[in-house]
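The values are calculated or read from the model by the stated rules, or taken from the named source; none is laboratory data. Note that this is a predicted model, so its numbers are computed, not measured. Here the Cβ positions follow ideal geometry from the backbone for every residue, glycine too, while neighbour counts run over all protein chains shown. The accessibility values were calculated without ligands, DNA or RNA, using every heavy atom of the protein model including side chains. Shrake-Rupley method; radii C 1.70, N 1.55, O 1.52, S 1.80 Å.
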Amino acid sequence: MVTLALPVLAGCGTTQGRAVETVRAPSAAEGCSAKVEPIDESPSFTPYERRLTHSPFPDDLAVRAVETPPLGLPDTLDGLAVVGASEAEHGAGSTVAYGGAAPKEGRSAFLRSGGLLVVLSPGVAGESVARDLAGDPLVADRIVQTTVGEHDAAVTWADPDESGLRPHHVLWTEPSGQEIDLVGVRAPEELVAIARDWVC
């Protein structure tokens with residue numbers, strides 16, 4: 001079982017106060033541009049030992065090896081083939097791994113090796129995880145808004161996990177309501193470019 005929650009964005013020690021831009025309807029041309037404008041991230045984060053909550057789940061990617069992606073996902077991301085997939089508990093979403101080999105040593109080790117994760121979660125048609133995050137006063141200062149295709153998207157830099165890893169996340173919602181979280185140890189601009197290449 002893989003349980004990968006959205007990036008931890010709030011907790012003891014965060015710094016508030018960054019202005020949040022008004023969300024506007026993204027254009028396909030902007031959201032498909034291969035050139036991603038520099039992303040000015042918040043330097044605020046909560047150290048692992050000071051977080052108010054910690055994941056009760058081990059750093060484990062108990063995935064089954066696969067050679068073809070689930071329906072609707074690309075065959076490759078950033079030149080990496082799909083190598084594993086896992087259903088979340090009670091079937092409420094799934095995680096798909098792209099890399100050189102199926103994850104065997106846990107989520108952190110897989111991401112450190114250059115792998116990418118796509119976390120799929122059920123949502124509600126017409127809603128937007130990016131707009132929800134941007135409108136949440138507890139985490140809005142930790143969100144950078146961008147576009148992926150015609151979708152509003154949010155870029156976040158996760159708080160450190162128990163091993164100190166801070167992957168980036170690019171999140172958006174499909175028209176069906178499905179929420180997509182692209183996770184990788186990449187520069188945020190690079191991860192947005194990967195997401196746009198996929199969607200466009």
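Would you point out the residue of the stretch 167-182, among those that are open to solvent by 40 Å² or more (accessible area, probe 1.4 Å) and of a type in the set (D, E, K, R), that is nearest to Val119 (Cα to Cα)? Ranking the qualifying residues of the stretch 167-182, first place goes to Glu179. Note on the stretch 132-160: residues that are more than 14 Å from the chain's Cα centre (by Cα) and within 19 Å of Ser121 (Cβ to Cβ) amount to 7. Only residues that are open to solvent by 20 Å² or more (accessible area, probe 1.4 Å), closer than 21 Å to Leu77 by Cα and assigned to a loop (DSSP other than H, G, I, E, B) were counted in the stretch 114-130, giving 1.
Among Leu138, Leu191, Leu111, Leu133, which is the only one that is more than 22 Å from Ala97 (Cα to Cα) and in a helix (DSSP H, G or I)? Quick ask: steps written out before the conclusion?
Working: Leu138 fails: in a helix (DSSP H, G or I); Leu191 fails: more than 22 Å from Ala97 (Cα to Cα); Leu111 fails: more than 22 Å from Ala97 (Cα to Cα).
Just one listed residue meets the conditions, Leu133.
Does Pro137 count as modelled with pLDDT under 90 and touching a helix residue (DSSP H, G or I) at 6+ places or on another chain (Cβ under 6 Å)? No, not satisfied.
I'm checking my understanding of the structure. Among residues of the stretch 83-108 that are farther than 16 Å from Ala65 by Cβ and surrounded by fewer than 19 Cβ atoms within 10 Å (Cβ to Cβ), which one is modelled with the lowest pLDDT? Within the stretch 83-108, the match that is modelled with the lowest pLDDT is His90. Going by what's in this entry, would Asp159 be described as outside any strand (DSSP E or B), surrounded by 15 or more Cβ atoms within 10 Å (Cβ to Cβ) and at pLDDT below 90? Taking the combined requirement at face value, the residue satisfies it.
Please specify each residue of the stretch 152-163 satisfying the condition of being over 9 Å from Ala195 (Cβ atoms) and touching a strand residue (DSSP E or B) at 6+ places or on another chain (Cβ under 7 Å).
If the condition is that a residue be over 9 Å from Ala195 (Cβ atoms) and touching a strand residue (DSSP E or B) at 6+ places or on another chain (Cβ under 7 Å), then Asp152, Ala154, Val155, Thr156, Trp157, Ala158 are the ones that fit.
Figure legend. Inter-residue proximity from the stretch 101-123: first residues over 14 Å from Val82 (Cα atoms), second residues open to solvent by 10 Å² or more (accessible area, probe 1.4 Å) and part of a strand (DSSP E or B), beta-carbon distance below 6 Å, spacing 6+ or different chains. Indicated pairs: Leu120/Ser94; Ser121/Glu179; Gly123/Thr173; Gly123/Glu179.
The set of residues from the stretch 80-108 being in a loop (DSSP other than H, G, I, E, B) and closer than 20 Å to His169 by Cβ comprises Ala88, Ala92, Gly93, Pro103, Gly106.
Which count do you get for residues in the stretch 164-188 that are in a loop (DSSP other than H, G, I, E, B) and under 19 Å from Pro43 (Cα atoms)? Please lay out each step first, then the result.
Taking the stretch 164-188 first, the residues in a loop (DSSP other than H, G, I, E, B) are 164-167, 174-178, 185-187.
Add one more test, that the residue is under 19 Å from Pro43 (Cα atoms), and what stays is 164-167, 185-187.
Adding up the residues that qualify gives 7.
For the stretch 141-156, filtered to residues that are part of a loop (DSSP other than H, G, I, E, B) and open to solvent by less than 60 Å² (accessible area, probe 1.4 Å), the residue that is modelled with the lowest pLDDT is Ile143.
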